[in-house]
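Quick notes on the structure that follows.
The values are calculated or read from the model by the stated rules, or taken from the named source; none is laboratory data. As the structure is a prediction and not an experimental result, all values here were calculated from the model. No Cβ is skipped: glycine too gets one built from the backbone with ideal geometry, and neighbour counts run over all protein chains shown. Ligands, DNA and RNA are stripped out before the accessible areas are found, and what is left, the full protein with its side chains, is counted by its heavy atoms. Shrake-Rupley method; radii C 1.70, N 1.55, O 1.52, S 1.80 Å.
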Amino acid sequence: MKRTVNISHARTAFQRDVMKRVVRDKVCPFCTEHFLKYHTKPIIQEGRYWILTENFEPYKGSKHHLLAVAKKHVQHFSDLSPKAQTELFTLFGAEARKRNIPGGALFMRFGDTDYTGGTVEHLHAQLVSGGKHGKGKEPLITYLGYSTKKAPASAQK
């Protein structure tokens, strides 16, 4: 079976434990028939093409961290129909208005997680919002891929 999760990119012990169960069960945790077995947050809204929920392990320091998971098992955004693309923005937009989110980031990793830093090779998108910039505030950080340049030896693990 092709890999569906990349445990090396797990950020927390809880996330790693869930992913170990996924590997043992030999399923995709984001496929609709398995999603609620592994995902611990309630569904906010279910569309025709997407499931919208909160991320079960939000980024440290975030105020909002939403997750939209494609109902169809695809790995690349180019496999989405125009209607699925529109629905994604409609779901995120409605929830951003409902929560009165003044600013944030939308991102979608796609394909091989060895290139993206992601954990699940099933297309999903995220809306992340933190606090307002200010003295003593740290930026929210996530992986969106890897540099094409090799890190200096002192920075390598």
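Cross-link partners among aspartates and glutamates for LYS60, C-alpha distance below 17 Å, same-chain residues fewer than 8 apart left out?
The reachable aspartates and glutamates, counting only those whose Cα sits under 17 Å from LYS60, are GLU138.
Given +1 on the Cβ of Lys and Arg, -1 on the Cβ of Asp and Glu, and no further charges, what dipole in debye does the stretch 7-77 carry about its Cα centre, rounded to the nearest 20?
140
If you average the sequence gap of Cα pairs under 8 Å that are 6 or more apart and divide by the length of the chain, what percent do you get for the contact order?
Relative contact order, the chain: 24 percent.
How many percent of the accessible area of the chain is carbon or sulfur, using a 1.4 Å probe?
56
Within straight cross-link reach of LYS149, meaning Cα distance under 16 Å, which lysines are found once same-chain residues fewer than 8 apart are removed?
LYS157
Cross-link candidates for LYS83: which lysines have Cα within less than 23 Å, leaving aside residues fewer than 8 places away along the same chain?
LYS71, LYS72, LYS98
Which ³J(HN,Hα) values, rounded to whole Hz and listed in residue order, are derived for the stretch 96-109 from phi using the Karplus coefficients 6.51, -1.76 and 1.60 in 6.51 cos²θ - 1.76 cosθ + 1.60 with θ = phi - 60°, glycine and proline given as x?
5, 5, 4, 8, 6, 7, x, x, x, 9, 10, 8, 9, 8
Using unit Cβ charges (K, R positive; D, E negative) and no other charged atoms, how large, in debye to the nearest 20, is the dipole of the stretch 114-157 about its Cα centre?
It works out to roughly 320 debye.
So, in Å, what gap is there between the alpha-carbon centers of the stretch 1-25 and the stretch 76-125?
A separation of 21 Å, based on Cα centres.
Under 8 Å for C-alpha pairs, at least 6 residues apart: give me the relative contact order for the stretch 1-70, rounded to a whole percent.
21
Grab the beta carbon distance between LYS2 and LYS63, set R0 = 41 Å, and tell me the FRET efficiency rounded to 0.05.
So the FRET efficiency works out to roughly 0.70.
If you add up the charges near THR119, with Lys and Arg at +1 and Asp and Glu at -1, over every other residue whose beta carbon is less than 14 angstrom from its beta carbon, what do you get?
That sum, taken over residues with Cβ under 14 Å, equals +1.
Per q in 0.10, 0.20 Å⁻¹, report the Debye log10 I(q)/I(0) for the chain, using one uniform scatterer on each alpha carbon and no solvent.
Log10 I(q)/I(0), no solvent term: -0.38, -1.43.
Starting from the 7 Å offset along Cα-to-Cβ, what nm value, one decimal, do you get for the label separation of GLN45 and TYR115?
For the pair GLN45/TYR115, the computed spacing is 3.1 nm.
Please give the per residue accessible area of the chain, computed with a probe of 1.4 Å over protein heavy atoms only, in Å².
Spelled out: the 1.4 Å probe surface of the chain, per residue, equals 64 Å².
Let's see if you can work this out: charge +1 on each Lys and Arg Cβ, -1 on each Asp and Glu Cβ, no other charges. What is the dipole magnitude of the chain about its Cα centre, in debye to the nearest 20?
400
For a quick check of your reading of the filter: which chymotrypsin sites (Phe, Trp or Tyr not before Pro) in the stretch 55-157 sit in a DSSP loop and have no more than 13 other Cβ atoms within 10 Å?
Here the chymotrypsin sites (Phe, Trp or Tyr not before Pro) that fit, given the DSSP loop and packing criteria, are TYR143, TYR146.
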